[in-house]
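The values are calculated or read from the model by the stated rules, or taken from the named source; none is laboratory data. Every value quoted in this text rests on a predicted model; they were computed, and no experiment measured them. Cβ placement follows ideal geometry from the backbone for every residue including glycine, while neighbour counts extend to all protein chains displayed.
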Amino acid sequence: MSLTGKTLNEEEFFYGHKACAGCGGSLAVRIALKVLGERAVAVLPAGCMSAVAFNFPQLCFGNNAMISTFAGTASMLTGVEAGLRAQGINDFQAVGFAGDGGTADIGIQALSGAIDRNDNILYICYDNEAYMNTGIQKSSLTPFGAKTTTTPAGENIRGNLRPKKNMFEITAAHGIAYAATASIGFLNDFMNKVEKASKIKGTKYIHVIAPCPTGWGTATDETIDFAKEIVDCGLWYLAEYENDEFILNYKPTEFTDVETYLRKQSRFAQLTDEDIQVVRESRDKKWERIQKNYKVK
Amino acid sequence: MKPYLRDKVPTTLSEIPDHTAYEAGYLVTKNAGWRNIRPVINLEKCVGCLQCYLYCPDGVISKEENKVRLDYDFCKGCGICKKMCHFDAIQMEVEK
């Protein structure tokens, strides 16, 4: 039976944290832990979720959780898994929660190494599209055109010039046991992917889009709306990779307007119509590749 | 285990650990002071669909007798629950 709000574990494992109101990342962590249960051992590198959860003596995880080095989420997961297994403990799930910077920039070699060893771990990247914890600096998962403190909008350059790194297909290219993309706007899909991943042996990677009201310049109650709209306008997609195959889980019948999505966020306020056309064209190109290479469910 | 508020705030040197591990789910402060507006649930309109419970980033909405209840100690007033409610059962009211 697939997981829904009614069948989900009622216990809370991530509570009393100091994340901003309307934080998407904290919702991703909360829901993933409800799926995995109290035998999840969480590893968090530097980033929003460790900063908001471990402020001694305010400790907001109800399960075992620890902070790793920024670059070492995946290697600490490897150690946690091997260490517990060596002690004869088998009923646990080593799970990492790293942000987009901790995954795609700073932690990518540790993650690559873990996938190469096929360690039995679950790595969840909550992607809020910049280093939000330190005050909104660009990461390699910041999309084209987004204004951050290191890609400011000026007269000549209007925000970030580079496209978003394709972490999902990078992990898949390792021949990983299971990889998936998700969005906190589609929690049923996310919950079931976390559950499915927890039952697969080997390295699992889930990339979940988690809007950040503070960094995106949106109202606190719009977090879920944006997490839905980013999928509906085609700038993000829900997919899986396993057994050497890409599967598209959800295809909007018709994309909503990219411009509407972008114009509502202050990080994209400076974009010209030409910039928005660039975003639209890169989306269409991406979807051409998806249509060609992904099995559409 | 759900983290919960403790009476004891470790303050003296002997109460503070000399290593980096401590009890899980140890809360000493509330988040209620962050709020300008508060969600108020109209239980007559609530049908128990649990969308507010599911999408709350802080997990402050729990199931209770086929409906929901809200923990105002930890609600930050983001308003996501009101947006998720399709039955107009949640209103945001100004904190006084």
*Complete set of residues in the range A:160-179 that are buried (at least 17 other Cβ atoms within 10 Å of the Cβ) and in a helix (DSSP H, G or I)*: A:Met167, A:Phe168, A:Ile170, A:Thr171, A:Ala172
_Going through A:Ser50, A:Ser26 one at a time, which residue ends up being in contact with a Pro (Cβ under 7 Å, 6 or more places away or on another chain), outside any loop (DSSP other than H, G, I, E, B), at pLDDT 95 or above and closer than 21 Å to B:Asn31 by Cα?_
A:Ser26
*Search the range B:55-65 for residues being outside any loop (DSSP other than H, G, I, E, B) and crowded, with 22+ Cβ neighbours inside 10 Å, and hand back the single one that is farthest from the other protein chains (Cβ to nearest Cβ).*
B:Ile61
*Could you figure out which of (1) polar (S, T, N, Q); (2) within 14 Å of another protein chain (Cβ to nearest Cβ); (3) surrounded by fewer than 18 Cβ atoms within 10 Å (Cβ to Cβ) isn't true of A:Thr218?*
(3)
*Which of the following residues is surrounded by 24 or more Cβ atoms within 10 Å (Cβ to Cβ) and of a type outside the set (Asp, Glu): A:Thr134, A:Thr142?*
A:Thr142
*Within the range A:255-285, work out how many residues are in a loop (DSSP other than H, G, I, E, B), within 24 Å of A:Thr223 (Cβ to Cβ), out of contact with any Phe, Trp or Tyr (no Cβ under 7 Å at 6 or more places or on another chain) and of a type outside the set (Lys, Arg).*
6
*For residues that are more than 9 Å from chain A (Cβ to nearest Cβ), crowded, with 18+ Cβ neighbours inside 10 Å and outside any loop (DSSP other than H, G, I, E, B), tally how many sit in the range B:66-90.*
3
*asked:* Looking only at the range B:22-54, count every residue that is over 30 Å from A:Asn188 (Cα atoms), at the interface with another protein chain (Cβ under 8 Å from one of its Cβ atoms) and out of contact with any Lys or Arg (no Cβ under 7 Å at 6 or more places or on another chain) and tell me the total.
replied: 3
*For the range A:141-185, how many residues are without any contact (Cβ under 8 Å) to a residue 40 or more places away in the chain and of a type in the set (S, T, N, Q)?*
6
